[in-house]
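*Asks:* Dumping the structure here so I can ask a few things about it.
The values are calculated or read from the model by the stated rules, or taken from the named source; none is laboratory data. On a predicted model such as this, the values are computed, not experimentally measured, just so you know. Neighbour counts run over all protein chains shown; Cβ positions are idealised from the backbone, glycine included.
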Amino acid sequence: MRASSLVALGLAAGALAHASAASADGGPSDTGPAAGAVDAEPRWGVRLWSSERWLGDASMAALTTDTLGGGGVAVERRLLALPVPGPFDDLAVSAELSFDAGSVDGTTFQQLDNHVSTWAISAGARARLPVLSWLQVQGRAALGAGRTTVRIADQMTGGAIEDRAATAVASSGVGLAVMPTLRRGSRFRFVLDAELGYQTTTSTGVRAYPEDRPAPELTIPASYATLGDVDLDGWTLRFGAGVAF
Amino acid sequence: MRRTLALLPLLVACTAERDPAFDRARVVTGPVPLKDQVAYVDGALDRVVVVDVATPPAVRAIPIGRAPIWASPTRDRDRLLVITRGEEALARGQVDEEPHLWNVDVAPGGAAPVAYEIGSPFDRIAVSDDGTLAIAHFSASGPDAEGFFRNPNELAFVDLTRPPGPDNPVLKTLRSFSSTPEAIVLSPPMAIPGAEDPTPRVLAFVLAQNRITVVDATHPTRDEVTIRLDQAGASVRPREVVFAPNTATAYVRSDGARDVLEVVIGADEVAPDNPSANDYRPVLAELGAGGGPADIAVYDDVTGRRFVLAATPGTREVVVIDADTAEFTRVATPDPIDRIVLFPADSDEPARKAVLASIGSQLSRVHVLELEGIDEDLIPRAVESIEVGEPVMAIEPVPGRELAMLVHDDQRTVLGLLDVAYGSVSPLQGVGRLDDYAFTPGGDFLVAATPDLARLGFLQLDNLHPTDLRLDDVPARVFALPGGSIFVDHGDPLGRATLIPSAEATRDDSVVLSGFLLAGMLED
């Protein structure tokens, strides 16, 4: 796991401790916000996160043994609140637009340096259910499109092949969000969250296009070998921080 | 928090398992030119990658066993023989596998590879001319360091026409006199005159310091015959064997020997109580070359009689030996000759001339010996000397023509083309270092390459007209394939080659193949 994830994890732990302390000092009820507090719920949110993706496909195992590390940014807008039976408060549903990117390096045959990078823009929905005044359970689903690039370079000669292709992306996740308030009745909140999810992408066909090859009209007609498809599907773990207002 | 962290091992378990092949150091053997294909043997992915030079070109991968050590094509270049070392299952993903010899049919739609368990990790293969027999053996440098015991005198005889079985291959250890095999030469199929079994058979001549061992490779369970070469006390190292199959005779040239050794394979009575007894016996004779032959060549004249030429630089002579009668003729040469090249160079045409050169002395002249009627007393026997202007360091015959390329310096930058028919020499100017070259099958073109220049040089041998073909990448190897195509390998570990359909083709006619050594790497 990357250092950024550990930092985010640490921030989340700190916020949790802070929220617990605020609750002990007479903050909002531990059993849920008071009636009518929905109006004080934030409407907008902006979050940054760091993520790791455990790649589950054999094609990526050929290129690397590492996780795909990255990060992203999202903007969300609260749309509605749905009543939930039981002791819980309303379920807050938001629309979310996000951008995320990641990359991973690896070595094959003790000879080839591989680099796989990807980015995606997604739109989706997020639902949060308060379980404590400062703690919410959240779920997310999104669809999007992006681009994946694969580069394979020989260590000795420096020669490299590179291919890229557009991909469709679907992702989902569930997690916990810590949203402590700084001031009673204020919509402004910090958000620290952790999410376990799964991301699936359409596979990317990789062909051996030389990185340094001149324009086709200047070169001998070429045929590029097909290496196979790269599939970036995998379980993800995200740690994020942001603000809601 | 603790629960979240507890998820991490579960996530790691969701990661796809990596094939151990991707962690191996990768050694690619090749390119190996075949008939209409060029093959590479991938030592990490355990496969033979075959590039078909047909139009359009195609790339195929043929799986073989673990850890390829050595690959040799059959003489007709239809098949590739590969020795795989196998492995012991000592780590995850490894499997126990014995050393095998793989007979790989490289033709499109060819048969599946056949694996013969050879028992030891041999690192060389000798293949008979007809492609029916192969002998796996250890190189002169010996077996690798793995394992407990290794037997450098062990051979594996493989009958490539039969499937693997308890009697195929046959493992055999040669009697040794403290030396180990350095090379194996297989004869063409030869019938042994007078033998009860008239079937032609292949004999293996195993060359070692101070000895030659003859094994009936067609019947490898029979006893071998060892010929000691050091009876006179001198240290003798056999270097070259040529055959006269019509008379079941072999001629051996050795370093440290005074003469050419003639080995006549004659019939012998078979001991009825010894199933491994041979039905032949080698009869030895020293042919009167005298002075220690430095090169030998063999040819059949127009009547089918076989002659052996032996160059003896010590006596400044070339000795022409009638292989049937052992009569010989001495021809004096002005220089100490150590290289004989016959013309025409094709084995299916009777040789008419021999070009004689003194490579060791680096003299600037060569000599031509007319071979027609050389055994007739009334025809004077003399060589014609040709001044070539520069020291001769190598001489290469052009297939199908009475031309020879002369190399005049170590760097292979100064070349000449010798016209044997007219005795003329044409210098080839303006060429770069000739690191690799090939003659097209008909002998129409010399194709040359040097790794400093992204260009192929063509020399039309009819009129010595030079042309170039600009490449997109610098060449590493160049092959002129029997079908007329020219294959240029660019030495790229990812696989890059330029296929040129003929010597007259243009850049637009050509095609570059990129990344073929990684083809399918990401597929399951």
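*Asks:* Could you tell me whether any residue of the stretch B:394-405 is at pLDDT below 85 and under 19 Å from B:ASP338 (Cβ atoms)?
*Replies:* Going residue by residue through the stretch B:394-405, those that are at pLDDT below 85 are B:399-402.
Cutting the leftovers down to under 19 Å from B:ASP338 (Cβ atoms) gives us none.
No, the stretch B:394-405 contains no residue that is at pLDDT below 85 and under 19 Å from B:ASP338 (Cβ atoms).
*Asks:* Evaluate the following for B:LEU453: is it surrounded by fewer than 21 Cβ atoms within 10 Å (Cβ to Cβ), free of Cβ contacts under 8 Å to residues at least 40 places away in the same chain and hydrophobic (A, V, I, L, M, F, W, C)? Full working, then the answer.
*Replies:* Working: surrounded by fewer than 21 Cβ atoms within 10 Å (Cβ to Cβ): yes; free of Cβ contacts under 8 Å to residues at least 40 places away in the same chain: yes; hydrophobic (A, V, I, L, M, F, W, C): yes.
It is true that B:LEU453 is surrounded by fewer than 21 Cβ atoms within 10 Å (Cβ to Cβ), free of Cβ contacts under 8 Å to residues at least 40 places away in the same chain and hydrophobic (A, V, I, L, M, F, W, C).
*Asks:* Continuing with this model, one more query. Quick check: anything in the stretch B:228-246 assigned to a helix (DSSP H, G or I) and outside the structural domain of B:ILE374 (by TED's automatic domain parsing)?
*Replies:* If we filter the stretch B:228-246 for residues that are assigned to a helix (DSSP H, G or I), which is where we start, we get B:245-246.
Subsequent filtering for residues that are outside the structural domain of B:ILE374 (by TED's automatic domain parsing) retains B:245-246.
Yes; the residues of the stretch B:228-246 include at least one that is assigned to a helix (DSSP H, G or I) and outside the structural domain of B:ILE374 (by TED's automatic domain parsing).
*Asks:* Okay, next question. Filter the stretch A:40-93 down to residues that are at the interface with chain B (Cβ under 10 Å from one of its Cβ atoms), not in a loop (DSSP other than H, G, I, E, B) and not basic (Lys, Arg), then give me how many there are. Lay out the reasoning, then the answer.
*Replies:* Going residue by residue through the stretch A:40-93, those that are at the interface with chain B (Cβ under 10 Å from one of its Cβ atoms) are A:52-67.
Narrowing further to those that are not in a loop (DSSP other than H, G, I, E, B): A:52-55, A:58-63.
Keeping just the survivors that are not basic (Lys, Arg) gives A:52, A:54-55, A:58-63.
Residues meeting the conditions: 9.
*Asks:* Is it the case, given these coordinates, that A:THR181 is within 12 Å of chain B (Cβ to nearest Cβ), modelled with pLDDT under 90 and within 26 Å of the chain's Cα centre (by Cα)?
*Replies:* no
*Asks:* Can you tell me which of (1) assigned to a strand (DSSP E or B); (2) more than 14 Å from chain B (Cβ to nearest Cβ); (3) not charged (D, E, K, R) is the one A:SER133 doesn't meet?
*Replies:* With (1) assigned to a strand (DSSP E or B); (2) more than 14 Å from chain B (Cβ to nearest Cβ); (3) not charged (D, E, K, R) applied to A:SER133, the lone miss is (1).
*Asks:* Is one or more of the residues making up the stretch A:197-216 within 12 Å of chain B (Cβ to nearest Cβ), under 28 Å from A:SER51 (Cα atoms) and of a type in the set (A, V, I, L, M)?
*Replies:* yes
*Asks:* Can you tell me which residues in the stretch B:328-365 are surrounded by 19 or more Cβ atoms within 10 Å (Cβ to Cβ) and closer than 25 Å to B:THR440 by Cα?
*Replies:* Within the stretch B:328-365, B:ARG339, B:ILE340, B:VAL341, B:LEU342, B:PHE343, B:PRO344, B:ALA345, B:ALA351, B:ALA354, B:VAL355, B:LEU356, B:ALA357 qualify.
*Asks:* Working carefully through the options B:VAL425, B:VAL512, B:VAL474, B:VAL488, find the one that is more than 14 Å from chain A (Cβ to nearest Cβ) and either surrounded by 15 or more Cβ atoms within 10 Å (Cβ to Cβ) or not β-branched (Val, Ile, Thr) (or both).
*Replies:* B:VAL425
*Asks:* So B:SER120 passes all but one of these: (1) closer than 19 Å to B:VAL206 by Cβ; (2) surrounded by fewer than 19 Cβ atoms within 10 Å (Cβ to Cβ). Which condition number does it fail?
*Replies:* Among (1) closer than 19 Å to B:VAL206 by Cβ; (2) surrounded by fewer than 19 Cβ atoms within 10 Å (Cβ to Cβ), the lone unmet condition for B:SER120 is (2).
*Asks:* Scan the stretch A:74-102 for residues that are free of Cβ contacts under 8 Å to residues at least 40 places away in the same chain and not hydrophobic (A, V, I, L, M, F, W, C) and jot them down.
*Replies:* Passing the criteria: A:ARG77, A:ARG78, A:PRO83, A:PRO85, A:GLY86.
*Asks:* Going through the stretch A:109-150 one residue at a time, which ones are surrounded by 18 or more Cβ atoms within 10 Å (Cβ to Cβ) and among the charged types (D, E, K, R)?
*Replies:* Across the stretch A:109-150, the qualifying residues are A:ARG126, A:ARG128, A:ARG140.
*Asks:* Let me ask another. Is at least one residue of the stretch B:399-406 more than 24 Å from the chain's Cα centre (by Cα), in a strand (DSSP E or B) and touching a residue at least 24 places away in the same chain (Cβ under 8 Å)?
*Replies:* Looking for residues that are more than 24 Å from the chain's Cα centre (by Cα), in a strand (DSSP E or B) and touching a residue at least 24 places away in the same chain (Cβ under 8 Å), one finds none in the stretch B:399-406, hence no.
*Asks:* Can you name the residue in the stretch B:192-216 that is at pLDDT 90 or above, aliphatic (A, V, I, L, M) and touching a Ser or Thr at 6+ places or on another chain (Cβ under 7 Å) and, of all such residues, is farthest from B:PRO245 (Cα to Cα)?
*Replies:* Once the filter is applied, the top-ranked residue is B:VAL206.
*Asks:* Here's a follow-up. Take the residues in the stretch B:65-76 that are assigned to a loop (DSSP other than H, G, I, E, B) and either within 14 Å of chain A (Cβ to nearest Cβ) or touching a strand residue (DSSP E or B) at 6+ places or on another chain (Cβ under 8 Å) (or both), then tell me which one is farthest from A:LEU63 (Cα to Cα).
*Replies:* B:ARG75
*Asks:* Are there any pairs, at least 6 apart or on different chains, whose C-beta atoms fall under 6 Å, with the first in the stretch B:416-444 and modelled with pLDDT under 85 and the second polar (S, T, N, Q), and if so, which?
*Replies:* Note: pairs meeting the criteria are B:GLY432/B:THR450; B:ARG433/B:GLN411; B:ARG433/B:THR413; B:ARG433/B:THR450; B:ASP435/B:THR450.
*Asks:* Being under 30 Å from A:ARG187 (Cβ atoms) and surrounded by 15 or more Cβ atoms within 10 Å (Cβ to Cβ) narrows it down to one residue among A:GLU76, A:GLU52; which is it?
*Replies:* Sole residue among the options that is under 30 Å from A:ARG187 (Cβ atoms) and surrounded by 15 or more Cβ atoms within 10 Å (Cβ to Cβ): A:GLU76.
*Asks:* Can you give me the number of residues within the stretch B:19-64 that are more than 13 Å from chain A (Cβ to nearest Cβ), β-branched (Val, Ile, Thr) and surrounded by fewer than 18 Cβ atoms within 10 Å (Cβ to Cβ)?
*Replies:* Of the residues in the stretch B:19-64, 1 are more than 13 Å from chain A (Cβ to nearest Cβ), β-branched (Val, Ile, Thr) and surrounded by fewer than 18 Cβ atoms within 10 Å (Cβ to Cβ).
*Asks:* Would you kindly identify the strands (runs of 3 or more DSSP E) lying entirely within the stretch B:249-318 that contain at least 3 residues that are in the same structural domain as B:ILE227 (by TED's automatic domain parsing) and touching a residue at least 60 places away in the same chain (Cβ under 8 Å)?
*Replies:* Ranges flagged: B:249-255, B:260-267.
*Asks:* Restricting attention to the stretch A:151-175, and to residues there that are under 14 Å from the mean Cα position of the chain (by Cα) and within 14 Å of another protein chain (Cβ to nearest Cβ), which single residue is surrounded by the fewest Cβ atoms within 10 Å (Cβ to Cβ)?
*Replies:* First, pick out the residues of the stretch A:151-175 that are under 14 Å from the mean Cα position of the chain (by Cα): A:169-175.
Subsequent filtering for residues that are within 14 Å of another protein chain (Cβ to nearest Cβ) retains A:173-175.
Numbers: A:GLY173: 22, A:VAL174: 14, A:GLY175: 20.
Filtering first and then ranking leaves A:VAL174.
*Asks:* In the stretch A:217-232, which residues are within 7 Å of another protein chain (Cβ to nearest Cβ) and buried (at least 17 other Cβ atoms within 10 Å of the Cβ)?
*Replies:* A:ILE220, A:ALA222, A:SER223, A:TYR224, A:ALA225, A:THR226, A:LEU227, A:GLY228, A:VAL230
*Asks:* Continuing with this model, one more query. Wholly within the stretch A:145-245, which strands (runs of 3 or more DSSP E) include no fewer than the required count, namely at least 1 residues that are on the phi < 0 side of the Ramachandran plot and without any contact (Cβ under 8 Å) to a residue 12 or more places away in the chain?
*Replies:* Correct list: A:222-224.
*Asks:* Still on this model: Quick one: which of B:LEU481, B:LEU469 is closer than 22 Å to B:ASP346 by Cβ and either touching a residue at least 24 places away in the same chain (Cβ under 8 Å) or surrounded by fewer than 22 Cβ atoms within 10 Å (Cβ to Cβ) (or both)?
*Replies:* Only one candidate passes the filter, namely B:LEU481.
*Asks:* Another question about this same structure. Determine if the stretch B:466-483 includes at least one residue that is in contact with a helix residue (DSSP H, G or I) (Cβ under 7 Å, 6 or more places away or on another chain), over 17 Å from B:VAL398 (Cβ atoms) and of a type outside the set (S, T, N, Q).
*Replies:* no
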